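K.L.:
So that we are looking at the same thing, I have put the structure below in structure tokens.
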Amino acid sequence: MSCLLTQNPIAPSSYTGFLQYSSRRNPDVSDIPELNEPPLKKFYEAYYQPEHGRVHDKKPFKLKCVKGKTYYWCVCGWSHDQPLCDGKCVLPEMKIKLKPVAFKPVVTREYWFCNCKQTKNRPFCDGSHLSEAVQGGTSVIRR
Ligand code: FES
């Protein structure tokens, strides 16, 4: 899986790229740290993109991520490298306004990435794919 982007086009220069996990905010999800306060919310304009991308799949995608490496999660749903961005959103002819969300893990492990693109906890699955709108609608992957 590769990403054509070598730089995050939307990250402010002040971004430090670290995640701070906390299990104190919601004890019910303490085993799933990415479901607590979205760790990169304050760093990324992607959180202020109110639109959601097209539904690529009606379920999340588990991906092993390596500590310190930066991953760009596809927001628009047009990437062929799901759940990651393949750079399609920066092609002018695609006219895609949504830009990817960067994720830089502090531990190497598997993460559940949203692949329906409707999550409110970008880039992770928050269960939004279970909604009637997603399950009853169309997706790129039909199963
Ligand atoms: S796959 Fe999008 S919220 Fe679960």
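K.L.:
For L84, enumerate residues with amide H under 5 Å from its amide H, sequence gap 5+ or separate chain, H modeled in the peptide plane.
P.N.:
C74
K.L.:
What is the extension gain from K69 to E51, computed as 0.36 nm multiplied by their sequence separation minus the C-alpha to C-alpha distance, in nm to one decimal?
P.N.:
Between K69 and E51, full extension yields 3.8 nm more.
K.L.:
Continuing with this model, one more query. Between K95 and K120, with labels modelled 7 Å along Cα→Cβ, what's the label distance in nm to one decimal, could you check?
P.N.:
3.1 nm
K.L.:
Let me ask something else. Each label point is 7 Å from the Cα along the Cα-to-Cβ direction; what then is the distance between the points at A133 and V106, in nm?
P.N.:
Between A133 and V106, the label points sit 3.3 nm apart.
K.L.:
Right, next: Ranked highest first by average number of other Cβ atoms within 10 Å, how do 79-85, 64-70 line up?
P.N.:
Most protected by this proxy first, the peptides run 79-85, 64-70.
K.L.:
Direction-averaged shadow area of the convex hull around the Cα atoms of the stretch 48-142, nm²?
P.N.:
Reported value for the Cα convex hull: 6.1 nm².
Throughout, read-outs are computed from the coordinates displayed, never taken from laboratory work. Quick caveat: nothing in here was measured; it's all calculated off a predicted structure. Positions of Cβ are generated from backbone atoms using ideal geometry, with glycine treated the same way; all protein chains shown enter the neighbour counts.
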